[in-house]
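Read through the structure below, which is laid out as structure tokens, and then see the notes.
The values are calculated or read from the model by the stated rules, or taken from the named source; none is laboratory data. Note that this is a predicted model, so its numbers are computed, not measured. Here the Cβ positions follow ideal geometry from the backbone for every residue, glycine too, while neighbour counts run over all protein chains shown. Only protein heavy atoms, including side chains, enter the accessible area calculation; ligands, DNA and RNA are left aside. Shrake-Rupley method; radii C 1.70, N 1.55, O 1.52, S 1.80 Å.
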Amino acid sequence: MAEPQMKTATFAGGCFWCMEAEFEGIPGVSKVVSGYTGGTVKNPTYEQVSSGDTGHVESIEVTYDPAKVTFQHLVNIFWENVDPTDQYGQFCDKGSQYRAGIFYHDDEQGKIAEASREKVKAMFTQPIATVIRPATEFYPAEDYHQAYYIKNKERYKMYRTGCGRDDRLGDLWHDKPKMGE
């Protein structure tokens with residue numbers, strides 16, 4: 001039996017802990033890694049990226065089986081977990097290292113991402129600040145960031161609630177159709 005042909009998707013949506021949690025457990029997703037992408041520094045550290053001087057954003061790299069889950073479905077999950085109108089970061093995390101983005105790995109992903117942004121534009125009156133760019137080198141974050149939402153459940157819950165992420169997502173998306181509809 002042939003091994004499945006896995007693909008990669010890269011998303012940035014503010015805190016990578018929160019984005020990682022949203023993609024884990026999706027049927028067809030085999031791995032979600034927190035890390036950094038889009039910048040100029042090779043092998044950046046959390047401290048370097050947090051300074052906002054590297055050009056990197058906190059992001060996740062999703063490995064998935066396209067026979068079981070489509071890139072479109074992953075993009076839909078992405079949009080419903082970000083504030084697409086925030087040009088300064090996401091939720092309580094502000095700075096260029098927290099901006100939202102889809103980093104596509106091939107032309108098909110790029111077309112799907114662009115078409116999805118047009119759909120999102122039609123849902124909001126404010127300009128859409130989420131960037132769509134070709135994927136660049138992805139650097140995994142330090143081990144203590146991986147699966148943080150599992151390893152540090154109470155701290156993660158306090159952070160997510162304290163940051164206002166869920167409340168803001170509810171405000172943004174409660175009256176919108178689901179992205180997959």
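Whether a residue is polar (S, T, N, Q), out of contact with any Lys or Arg (no Cβ under 6 Å at 6 or more places or on another chain) and over 19 Å from H145 (Cα atoms) was assessed, and T8 passes this test.
Filtered by the rule that a residue be among the β-branched types (V, I, T), assigned to a loop (DSSP other than H, G, I, E, B) and under 12 Å from I102 (Cα atoms), the range 67-88 gives a lone residue, V82.
Could you say whether any residue in the range 44-66 is touching a Gly at 6+ places or on another chain (Cβ under 7 Å), open to solvent by 20 Å² or more (accessible area, probe 1.4 Å) and not in a loop (DSSP other than H, G, I, E, B)? Looking through the range 44-66, at least one residue is touching a Gly at 6+ places or on another chain (Cβ under 7 Å), open to solvent by 20 Å² or more (accessible area, probe 1.4 Å) and not in a loop (DSSP other than H, G, I, E, B).
Residues in the range 153-176 that are free of Cβ contacts under 8 Å to residues at least 60 places away in the same chain and open to solvent by less than 70 Å² (accessible area, probe 1.4 Å): 2 in all. For the range 105-152, the set of residues classified as open to solvent by less than 50 Å² (accessible area, probe 1.4 Å) and part of a helix (DSSP H, G or I) consists of Q109, G110, I112, A113, S116, R117, V120, M123, H145, Y148, Y149, listed by residue number. The set of residues from the range 5-45 being farther than 21 Å from N81 by Cβ and over 17 Å from the mean Cα position of the chain (by Cα) comprises Q5, M6, T40, V41, K42, N43, P44, T45.
Among all positions in the range 89-96, there is no residue which is farther than 19 Å from L74 by Cβ, in a helix (DSSP H, G or I), over 15 Å from the mean Cα position of the chain (by Cα) and at pLDDT 95 or above. Can we say I102 is surrounded by 23 or more Cβ atoms within 10 Å (Cβ to Cβ) and within 23 Å of P27 (Cα to Cα)? Against the criterion (surrounded by 23 or more Cβ atoms within 10 Å (Cβ to Cβ) and within 23 Å of P27 (Cα to Cα)), I102 qualifies. Figure legend. Inter-residue proximity from the range 78-95: first residues touching a residue at least 12 places away in the same chain (Cβ under 8 Å), second residues of a type in the set (F, W, Y) and outside any loop (DSSP other than H, G, I, E, B), beta-carbon distance below 6 Å, spacing 6+ or different chains. Indicated pairs: F78/F11; E80/W173; G89/Y98; Q90/Y98. For the range 1-31, residues that are open to solvent by 10 Å² or more (accessible area, probe 1.4 Å) and outside any helix (DSSP H, G or I) total 16.
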